[in-house]
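Asks: Structure in structure tokens, see below.
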Amino acid sequence: MNDRDTEVLPLPPRYRFRDLLLGDQPFPNDDRVQVEFYVNENTCKERLKLFFIKNQRSSLRIRLFNFSLKLLTCLLYIVRVLLDNPDQGIGCWGCTKYNYTFNGSSSEFHWAPILWVERKMALWVIQVIVATISFLETMLLIYLSYKGNIWEQIFHVSFVLEMINTLPFIITVFWPPLRNLFIPVFLNCWLAKHALENMINDFHRAILRTQSAMFNQVLILFCTLLCLVFTGTCGIQHLERAGGNLNLLTSFYFCIVTFSTVGFGDVTPKIWPSQLLVVILICVTLVVLPLQFEELVYLWMERQKSGGNYSRHRAQTEKHVVLCVRSLKIDLLMDFLNEFYAHPRLQDYYVVILCPSEMDIQVRRVLQIPLWSQRVIYLQGSALKDQDLMRAKMDNGEACFILSSRNEVDRTAADHQTILRAWAVKDFAPNCPLYVQILKPENKFHVKFADHVVCEEECKYAMLALNCICPATSTLITLLVHTSRGQEGQESPEQWQRMYGRCSGNEVYHIRMGDSKFFREYEGKSFTYAAFHAHKKYGVCLIGLKREEDKSILLNPGPRHILAASDTCFYINITKEENSAFIFKQEEKQKRRGLAGQALYEGPSRLPVHSIIASMVAMDLQNTDCRPSQGGSGGGSGGGGGKLTLPTENGSSSRRPSIAPVLELADSSALLPCDLLSDQSEDEVTPSDDEGLSVVEYVKGYPPNSPYIGSSPTLCHLLPVKAPFCCLRLDKGCKHNSYEDAKAYGFKNKLIIVSAETAGNGLYNFIVPLRAYYRSRRELNPIVLLLDNKPDHHFLEAICCFPMVYYMEGSVDNLDSLLQCGIIYADNLVVVDKESTMSAEEDYMADAKTIVNVQTMFRLFPSLSITTELTHPSNMRFMQFRAKDSYSLALSKLEKQERENGSNLAFMFRLPFAAGRVFSISMLDTLLYQSFVKDYMITITRLLLGLDTTPGSGYLCAMKVTEDDLWIRTYGRLFQKLCSSSAEIPIGIYRTECHVFSSEPHDLRAQSQISVNMEDCEDTREAKGPWGTRAASGSGSTHGRHGGSADPVEHPLLRRKSLQWARKLSRKSSKQAGKAPAATEWITQQRLSLYRRSERQELSELVKNRMKHLGLPTTGYEDVANLTASDVMNRVNLGYLQDEMNDHHQNTLSYVLINPPPDTRLEPNDIVYLIRSDPLAHVSSSSQSRKNSCNNKLSSCNPETRDETQL
């Protein structure tokens, strides 16, 4: 180390005041210059001004002391009046006292009673001391506030009043006879009022917080009225000493009667001075009070616009939540209020709405309803201002909901505003729980500090993707996240509406297993065993749990998961266990006493209506043969290895087949899932199935590129090598391949087309669930993205690793674009709401273009399954609009009735929603609201949608029930079969059934011989089910939708003959119009139906001509005029009941049943929602055991289903 580094230079001495006084010599070689700054605070006057005026805290104390002094003088005046007795004589101090009497018949009076009063010595001393202090303080303040104009301060009203009330007392010290002189000390009330106003201003400055201007104005008005009444009371009482000699109480009564304009006339002033005072007071009142009231009304109007403040006392004693929105619409408000107050424990909460815009007229009208006016407070303000957050008492709030404005054209800008609001609230009230709604997934990580975050585009695209493989997933999730009473549709004459409405009341609840009557008896048992027996015994559906030591929620962790008392169980039921009543049967009581015998439930328990618990029918578990079937000998109708295959019975064939019981502990030899990472046997294509076809090898792994921060990693099917960007374009060839249309690719599976405006990052979540590792490779559907705008390189980089994912530039309203992207080879079309159409000049018109485009596509391609996203849920009624459809009108009336009854799901009976063919993201707003009570709902929803993949947690899938599976008969037996064979938990049914309705007399239809409908078609007869109804194809399933067969009745020759015969018949009937007018009208409708069928032929020719013009082969396009029965059922499942179907009078409809009763009969083509356990949760280390467990494939809607226990 150098010496230069170790050398420390001496520091020069600091200049101190002591050094300046002593004259110390400056430091040698110091060039600094001493500068003294002189300020006015050095003078005595400035120091006093700083203490009395400028300093807020000291000035507040001075004004408080002054206010107390003025009130003391008023109190001393009242004491003097009460002690004064004019009958003892009136005169000056030390003079002879005289008595003066007033003659009522004469107008003359004596001035002595007015000039002189009786003042006690002690009272005089106190008043002199107080007056001296007030006088000195006034003179000091006059001196300190002098600014060059002394006369302005001298003639000020407050200074004049001070002199009138203080200077005479000081004079009486030096002139004793004047000690009884009357001094109007009561005028100090006006000085007290002035001091109070200044004190409030100083108080606001001292605490750096402004109180409400309304409060200040009301206080000033009250003080003005009080001062007027007090001045009138004291003045009239004193002047009437020379007249009627009134006391204080009588004078006060007279002032109140006079100022209220009542004027009884029982008390009147007797002499002219008191009468003159009354006239002066009335004139002052007429001038002062209107000014005060005008200011008060102005502030009140402004308060009505801004909403005022939320009381701090109420905030400290009551509970409230704050709702921050950019603009508040009536739909958003009612959705929030209905969902928030649907929970019993939130009835005492207040809702404070903080919105920067002025209150809408409809919102104002709703908030004036007594139901909401006492609990909802609207504040106009910004969450970015601390003053507005203080008005809303955000720091005392139980929660803060921050919602994005989804109607904005620029959704990214709307997210930025939401992020700033979240940051502002977190900065102001760090302990307040935050519930944030984000539109774009790339902005989610900015608000990861929030307690709960819901990203719209993530949930939306994942839900739409699952809709393509699990039909009506959007309806299933929407019903689960809505709070419902389960009483919707119970007064309807339709059976499906009553059942659908009752099952819609099922929600997700939680309870600690050790505290539960549902599940505590299953401690130490497997999860599957507890799920089945809880459903068998109580009708509840156990779907998942959470370990005490682990915060992760697991859906269907599988049979190897052993339950513990500390586990938190999540189940689906009509009501939570705490609100349920338990009525046990005699067998259960005996079982609980430890008596011998097996208690079987032979019928439903009688339970109260408000706590419905489904009961279980007999599972027929007696004498169950648990022996596994000998390999390959399939005696059932379904073949050998089906999951629901009829088991082989050695006994009598008339006996109902038995189902293996669910084991308490898992049998590793029976339930061993396949290893999807190493065993590719399920994906191998045998030569007998696809001989000669090359199979593209896929790998399983995590996508290497995520388009945004915060996406959950999901194991997916991936390409071994990323595809070049040029190969992702469907309609253009490149150097790697020359394909230019979907037909050239030769896809074995139907396409899934997504129509979107831009390739946003949320679209990535549409691809991931469809390429998840648990989807069978042979069932992967090609995905085509039909985009209005060209995607950027970041998005292409994220999707180029997925197999069979393509994009194309085009619009959904362009027929050429639809044909080029392969719509005639598509199974599902998803129409995503465009951002540019979300904002419309007229409310609810944002969906107009989307609705019309979808209707056009359906007329052109009737067999296509279309899922549509709408901005406003109320517009879904136009998706199946028919002006003269009596059934649609009945549904509309039912919706209005349910809305009047207070239902949160009034739109649930609309056929497109019930079938899962229409969806609005606003339906998921309740997910964020419900998380305030159920903090696990967002996590469970993301697990069901496949957005999050927790190790060991299951996933949502679907299974189709065929006619060969109807031996199971009921949903309860199906529950047992799935739990015992593959450890899957069913949670609901998607049912498609026939629905017959008519708008014409039945006898007229029976008389006609015109066969233009399809009731007698061959394919219709083949679709008849065992229950006497037509079997539906399941609009949302991935199997069973075939539209290639031609209908013989629809042959053009037969159509022409029937048309000629209809014309002849119509001409004959016109001659006999008087005899059969009803028949004539019906024939007219038949002719109209035939005309519409010819219109469909024109549409068919239009499509074929466009395909020829584009150079596309027309062989894959089936004539839309030749609709088969399956096409008809598909069309109705979509919710588009077109006018040409009027001649059928027999259609189908689809709906979702969540956790139906166990005795619900299974029907053909029912699709069962399953929560399948994670196949990677318990992977065996032995490859041989894996091969043995994967020998038998399971027949279901998704062929990747795991093996079952052989019966």
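Asks: Please give the contour-minus-distance gain from Lys120 to Val933: 0.36 nm per residue of separation, less the Cα-Cα distance, rounded to one decimal in nm.
Replies: Working: separation 813, 0.36 × 813 = 292.68 nm, distance 7.08 nm.
Result: 285.6 nm gained on full extension.
Asks: If each residue of separation counts as 0.36 nm, what is the full-extension length gain between Glu295 and Ala890 once their alpha-carbon separation is subtracted? Could the numbers behind the result be given before it?
Replies: Details: separation 595, 0.36 × 595 = 214.20 nm, distance 5.51 nm.
Taking Glu295 through Ala890 to full extension adds about 208.7 nm, to one decimal.
Asks: For the stretch 395-511, what is the convex hull volume of its Cα atoms per residue in Å³? Don't skip to the answer; put the middle values down first.
Replies: Values: hull volume 20.1 nm³, N = 117.
With only Cα atoms used, the stretch 395-511 gives 171 Å³ per residue.
Asks: Given H placed on each backbone N at 1.01 Å, which residues far from Tyr350 in sequence or on other chains put an amide H within less than 5 Å of it?
Replies: Under 5 Å from the amide H of Tyr350: Lys319, His320, Val321.
Asks: I want the local charge near Gly505. Using Cβ-Cβ distances under 9 Å, sum +1 for each Lys or Arg and -1 for each Asp or Glu among the other residues. Mind dumping the intermediate values first?
Replies: Details: positive: Arg485, Arg502; negative: Glu488, Glu507.
Charge balance in the 9 Å sphere: 0.
Asks: Beta carbons within 10 angstrom, averaged per residue: use that to sort the peptides 89-98, 282-291, 397-406, 862-871, highest first. Write out the running numbers ahead of the final one.
Replies: Working: 89-98: 14.0, 282-291: 12.5, 397-406: 22.6, 862-871: 24.8.
Taking the mean over residues of other Cβ atoms within 10 Å, the ranking is 862-871, 397-406, 89-98, 282-291.
Asks: How would you order 747-753, 569-575 from highest to lowest mean count of nearby Cβ atoms within 10 Å?
Replies: Working: 747-753: 20.0, 569-575: 23.9.
In descending order of packing, they fall as 569-575, 747-753.
Asks: Simple spin-label model, 7 Å along Cα-to-Cβ: His156 to Phe449 in nm?
Replies: Here the answer is 4.8 nm between the modelled labels.
Asks: Give the distance, in whole Å, between the Cα centre of the stretch 506-522 and the Cα centre of the stretch 774-819.
Replies: If we compute the Cα centre of each part, the gap is 44 Å.
Asks: In this model, which of Lys460/Lys896; Lys576/Lys934; Lys460/Lys834; Lys460/Lys960; Lys97/Lys120 are farther than 18 Å apart at the alpha-carbon? Write out the running numbers ahead of the final one.
Replies: Details: Lys460/Lys896 27 Å; Lys576/Lys934 12 Å; Lys460/Lys834 13 Å; Lys460/Lys960 25 Å; Lys97/Lys120 15 Å.
Cα-Cα > 18 Å for Lys460/Lys896; Lys460/Lys960; rest within.
Asks: Grab the beta carbon distance between Leu1102 and Asp792, set R0 = 30 Å, and tell me the FRET efficiency rounded to 0.05. Before the final figure, lay out each step's value.
Replies: On the way: r = 35 Å, r/R0 = 1.17.
Between Leu1102 and Asp792 the formula returns 0.30.
Each value in this text was obtained by applying a stated rule to the coordinates, not by laboratory testing. None of the values given here were measured: they were computed from a predicted structure. Cβ atoms come from the backbone with ideal geometry, glycine included; neighbour counts cover every protein chain shown.
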